Amino acid sequence: MSRKKILFTVLGVFILYLVYLLYIFVLSPKTNLQSIYLIPDDAVFVIESEKPVESWKKVSESEAWQHLQKNGYFAELTEKIQKVDTIFNDRRKLFEFFDGRSLFISIHMVSEKDYGIFYVLDLKRIAKLRLLKTYLNTLLNEGYVLSKRNYHNQEILEIYDRKSKETMYLAFIKNQLIASYTHTLVEKSIDQYQEPHLGRNLNFLEINQKVGYEDLFRLYLQYDFLDDYYKRFSNKPTAWIKNVSENFLYSGFSFDLDKNSSISATGYTNISFENENYLEALQKSGTAKRTIPEIAPKRTALYLSYGFDSFGEFYENFEAVQKANNSEQFLSYEEGIEKVEKFLRIDIKENFVSWIGDEIALLQIKSEISKGKNDLALVLKTNEIEDAKTHLDFVLKQIKKKTPVKFKAVTYKEHEINFLSIKGFFKILLGQRFEEFDKPYFAIIDDYVVFSDNPNTLKSIIDGFIAKETLANSDDFTAFNKKFKQESSLFVYSNIPVLYDNMYALADVSTKTQLRKNKDFIICFPQVGFQLTPEDDLFESTFIVNYQDIEKVKANVQFEDKPSKVKVTNSTAITDAIFDLPAIYPTDLNAKLFLKKYSSGETRFNVELKDGLKHGRYESFYANGEKKMTGRFRKDVQVGTWRYYDLEGELVHRKRF
């Protein structure tokens, strides 16, 4: 064959190839399939990225990710995701070839304690060239074995890793590459190819269409399967997870990561109007600026704020929603309110609802008074504090008239603590969320009325307010709070190191061991916040997590325990130290005596009380029952002569107060 013929032949083949490419990329029918149609419908989480390589690089190189990888538990959780990176890491050209194509990663529970990860990569029209299928062979060396099988007329490629003895399953469906280390997920995807579920779910699409695309990645959460995912970590049911699963439908967030490894996410959430009266009422009731941080202590572990244009409007909406959604429940609610009103001869709307302002909040506090307690407080902002005082005084008078409860108000640092003896009142008034406040004490602090079943929680809040140790005076909280809209319907803030201390104090032995082991990987995210604000029938959602170097977190004096007392050696100092008694905080302010025992049952000490304060005789004893110390208090202050005895009953120390 002459050179001229060879040239024309090569040119002809080249032109035919160009025509074929033109047909494939321009003229062929548009039969592309959307990635979301192939995701199995039981996904708990779905992650979407338009630039997966660039996004993965930014995440995996961040300081927070590098720190978390030192934790074995987290490394195990992310192992399956990182395997994909390992496979393609040595083939950068192919890996980079994927960038600019939409990648979906979804998480599915495949058994009670294990999850699987599913990948969908939009190859656009490149799949028709079979180029990638052919190129897959170049990925494989003697460490891998490639095999093929058919499932419902779709070819599944199986890549077996000889070293790990694991198999990755891949399939090409039109323009999409699907893959997983769990074969059932690939098969589920093929099964629903003809009849997609998630991609046609109107509630999911409502969220999907609202979430922005100028970001690192997007994350969608399907609440139906959240409780199944939670079971991976604990067999103990939790009301919080159950409520979230029943009341929310989907959330979608657009995520970004800043140079400090802090995560911010904005998006939308829709709710189930069949189940959730509270959220539906909030959705209809406007927003409010958060002001309760003015009295919430710095050592608040959790601050949950509900805001509305006015509490009166919210309360009307709450009643209307209950009546429309569950008439039987509403009748029970009406009966409860009527029973309280009739017995005490009060009007709930007049004596309570009328003076509550535009924010109420739940606080969980690490109290310096009640060690090892999960201190909870309900804070009601008032429209007018004098109106609140007038109505509360009237209710207290009615309680004293109608019940045998005789409680005299206790003054603590110029703040009066009273007792609202109406069993289950807040559960009746505001629903199940407030059942912890069964028969609460309350105090008025500035323009707020604060309720708690433990009067020592009120003392802790009063202490913080007087010392100006509040969230509003915390630079950390103030800076973090500015990242959110200042008005919202729902706002949740958590100080993680303080929350960790609360959890640790209440945990059993095995849980404490796990908490200690993982402490550095928990408190490295010292602040977490979540916000909902109404937009049409949805909630605009914001989620922010701050990352901080663990040594900086530990160096924050806010989280340090107070140092133990210094040992003393001279006799005067020893005597002073002996009679320097630890504080006690009785939870029953009506009690006449406070008593504490040894584990054997023998009395350790007892002291007489008046109005919740130490007032009268004090005695302490050794474990064998012998007297150890005697003295007297007057209004919480030691007075008169105090005496200290040894085990033989001999007087060894004396001090005059």
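Scanning the range 450-467 for residues that are hydrophobic (A, V, I, L, M, F, W, C) and surrounded by 24 or more Cβ atoms within 10 Å (Cβ to Cβ) yields V450, L458, I461. Search the range 544-578 for residues being assigned to a loop (DSSP other than H, G, I, E, B), modelled with pLDDT of 70 or more and not polar (S, T, N, Q), and hand back the single one that is nearest to P297 (Cα to Cα). Among them, the one singled out is Y547. Looking only at helices (runs of 4 or more DSSP H) that fall completely inside the range 278-385, which ones have 3 or more residues that are in contact with a Phe, Trp or Tyr (Cβ under 8 Å, 6 or more places away or on another chain)? Ranges flagged: 311-325.
Once the range 219-241 is narrowed to residues that are more than 16 Å from the chain's Cα centre (by Cα) and under 17 Å from F530 (Cβ atoms), the residue that is modelled with the highest pLDDT is Y220.
In the range 522-538, the residue that is farthest from S261 (Cα to Cα) out of those that are assigned to a strand (DSSP E or B) and β-branched (V, I, T) is T533. Checking V244, V211, V145 one by one, the residue that is at pLDDT 80 or above and within 30 Å of the chain's Cα centre (by Cα) is V211 and no other.
Would you check which residues across the range 409-419 are loosely packed, with under 13 Cβ neighbours inside 10 Å and either modelled with pLDDT of 90 or more or over 39 Å from the mean Cα position of the chain (by Cα) (or both) and list them? Result: E416, single match.
Of the strands (runs of 3 or more DSSP E) that lie entirely inside the range 579-625, not one contains 3 or more residues that are within 19 Å of N456 (Cβ to Cβ), modelled with pLDDT of 85 or more and touching a helix residue (DSSP H, G or I) at 6+ places or on another chain (Cβ under 9 Å). Looking at the structure I just gave you, is S541 of a type in the set (S, T, Y), outside any loop (DSSP other than H, G, I, E, B), modelled with pLDDT of 75 or more and out of contact with any His (no Cβ under 9 Å at 6 or more places or on another chain)? Judged against the criteria, S541 is a match. If you go through the range 475-501 and pick out every residue that is more than 16 Å from T291 (Cβ to Cβ) and in contact (Cβ under 8 Å) with a residue 12 or more places away in the chain, you end up with 12.
In the range 431-443, the residue that is surrounded by the most Cβ atoms within 10 Å (Cβ to Cβ) out of those that are more than 19 Å from D588 (Cα to Cα) and touching a helix residue (DSSP H, G or I) at 6+ places or on another chain (Cβ under 8 Å) is F434.
Residue by residue, here is whether (1) more than 22 Å from G286 (Cα to Cα); (2) surrounded by fewer than 16 Cβ atoms within 10 Å (Cβ to Cβ) holds:
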residue	(1), (2)
E313	no, yes
E334	yes, yes
E341	yes, yes
V353	no, no
L362	no, no
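Every condition in (1) modelled with pLDDT under 60; (2) charged (D, E, K, R); (3) closer than 19 Å to S262 by Cα holds for E96 except the one numbered (3).
Does S35 satisfy being out of contact with any Ser or Thr (no Cβ under 9 Å at 6 or more places or on another chain), at pLDDT 75 or above and polar (S, T, N, Q)? So S35 fails the test.
Of all residues in the range 431-462, exactly one satisfies the criterion of being part of a loop (DSSP other than H, G, I, E, B) and among the hydrophobic types (A, V, I, L, M, F, W, C), namely F437.
Given (1) in a helix (DSSP H, G or I); (2) without any contact (Cβ under 8 Å) to a residue 60 or more places away in the chain, identify the lone condition not met by I428. The number of the failed condition is (2).
The values are calculated or read from the model by the stated rules, or taken from the named source; none is laboratory data. Remember, it's a predicted structure, so these values are computed and weren't measured experimentally. With ideal geometry, Cβ positions are generated from the backbone for all residues, glycine too; neighbour counts draw on all protein chains shown.
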